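Colleague: Dumping the structure here so I can ask a few things about it.
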Amino acid sequence: MAAHLIPRVLQSIAVVFVVVSLVFVGSRLIGDPIEAYSARNATQEAIDAARDRLGLLDPMIVQYGNFLWGVLRLDFGDSIFSEQPAWDEVSSRLWATVQLSLAAFVLILAVGVPIGVLAAIKRGSIPDLLARLLALVGQAMPNFWLGLLLIFVFAVQLGWLPTSGRGGFDNLIMPAITLAGFGAAATMRLTRSGMLEVLSNDYIRTARAKGLANRTVIVRHALRNALLGLVTVLGIMLAQLLAGSIIVEVVFAWPGVGRLIFRSISLRDFPVIQVGVLVIAVWFVAINVLVDLSYNILDPRIRVGSGA
């Protein structure tokens, strides 16, 4: 386990390094933040102070070196516009995004897996056809469109739920459903195909021939083996939910990291963009490491790193 974990962690660190380097370059390609200052009718003294504080007059290689040194010291600089530490700007909104992502992930599991199992058991029946249709619609519909549709129906027409903001449980319902839509549909299809493959194996027929209850065969034998192939996809989905929440947070005015990154891009707030993307990158690689380790829990026969 340790022989695999150490190289995997080193590889993850290299991935994060590449991501933050690309973000450094990409953030400078979106434009000069001083222009945004000028658009706000800032004084020349404020513009000059901002240029000096950001080091925009230094050569790019010097700026990059200062950026990496700051990352190593966990000093990400201050937001250009709020003049607060960039890390504080991101960390104050991090829990809102994590809360939304976890709620969406619970919905993905609670909807996608049971319906996928039911569709596989009832193959060719009306529930199976409805499940496949639902999965097709869920994967084809963009999440921003689903969000607007939910707002129109449940907030505007029915008045059951608030249109935006973060407060009680009712504020979480529509954003979580919107964020979970594509993932639940994909999980539904993958669970169905995995279950169909497992149910056709000889050991399933043997278990039924021994007189085991159908529920025992489905849950203890078929589902466990079907989930083994699904765990990687679910891990990637959990990682992508944090990164993919940007549009959903904008649609529902959810005060999370995604909405902050969107606003910072429009304002060309380099430090906040860099910290936000760094947090998402670390989340993504950490989830992937945990997925690798989870194989031993699901099936002890698998030896991670053995090539089996």
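Colleague: Mind giving me the FRET efficiency for GLU45 and ARG263? R0 is 22 Å, r the Cβ-Cβ distance, nearest 0.05 is fine. Don't skip to the answer; put the middle values down first.
Modeller: Working: r = 25 Å, r/R0 = 1.15.
With R0 = 22 Å, the Cβ-Cβ based efficiency is 0.30.
Colleague: Moving to a separate point now. Once you keep just the Cα pairs under 8 angstrom separated by 6 or more residues, what percentage relative contact order results for region 103-253?
Modeller: Working: 162 pairs, mean separation 53.0, N = 151.
Relative CO of region 103-253 lands at 35 percent.
Colleague: Among TRP69, TRP254, TRP87, TRP145, which comes first, then next, by fewest other beta-carbon atoms within 10 Å? Intermediate values should be presented prior to the final figure.
Modeller: Numbers: TRP69 10, TRP254 26, TRP87 20, TRP145 13.
Least crowded to most crowded, the residues run TRP69, TRP145, TRP87, TRP254.
Colleague: Need the full-extension length gain, SER164 to SER92, defined as separation in residues times 0.36 nm minus the C-alpha distance. One decimal, nm. Walk me through the numbers on the way to the answer.
Modeller: Numbers: separation 72, 0.36 × 72 = 25.92 nm, distance 1.87 nm.
Taking SER164 through SER92 to full extension adds about 24.0 nm, to one decimal.
Colleague: Multiply the residue separation of ARG132 and LEU102 by 0.36 nm, subtract the distance between their alpha-carbon atoms, and state the gained length in nm to one decimal. Could the numbers behind the result be given before it?
Modeller: Values: separation 30, 0.36 × 30 = 10.80 nm, distance 2.50 nm.
Between ARG132 and LEU102, full extension yields 8.3 nm more.
Colleague: Another question about this same structure. Subtract the Cα-Cα distance of ALA110 and GLN84 from 0.36 nm times their separation in residues, and report this length gain in nm to one decimal.
Modeller: Stretched fully, the ALA110-GLN84 segment lengthens by 5.4 nm.
Colleague: Peptides 132-139, 115-122, 269-276: what's the order by average Cβ count within 10 Å, highest mean first?
Modeller: 269-276, 115-122, 132-139
Colleague: So, one more: List the extent of the Cα atoms of region 79-119 along each of their three principal axes, largest first, rounded to whole Å.
Modeller: Each principal axis gives a Cα extent; for region 79-119 these are 54, 13, 9 Å.
Colleague: What's the whole-number percent of alpha carbon pairs in region 103-253 lying beyond 19 angstrom? Could you put the intermediate results ahead of the total?
Modeller: Working: 6477 of 11325 pairs.
Here the long-distance tail beyond 19 Å is 57 percent of all Cα pairs in region 103-253.
Colleague: Using a 7 Å offset from Cα along Cα-Cβ at VAL25, what residues in region 54-71 end up with backbone N under 16 Å from the label point?
Modeller: Residues 60-65, 67-68 qualify, since their backbone N sits under 16 Å from the label point.
Values in this text are rule-based calculations from the coordinates and carry no lab data. Worth saying up front: this structure is predicted, and the values here are computed from it rather than measured. Heads up, the Cβs are rebuilt from the backbone with ideal geometry, glycines too, and the neighbour counts pull from every protein chain shown.
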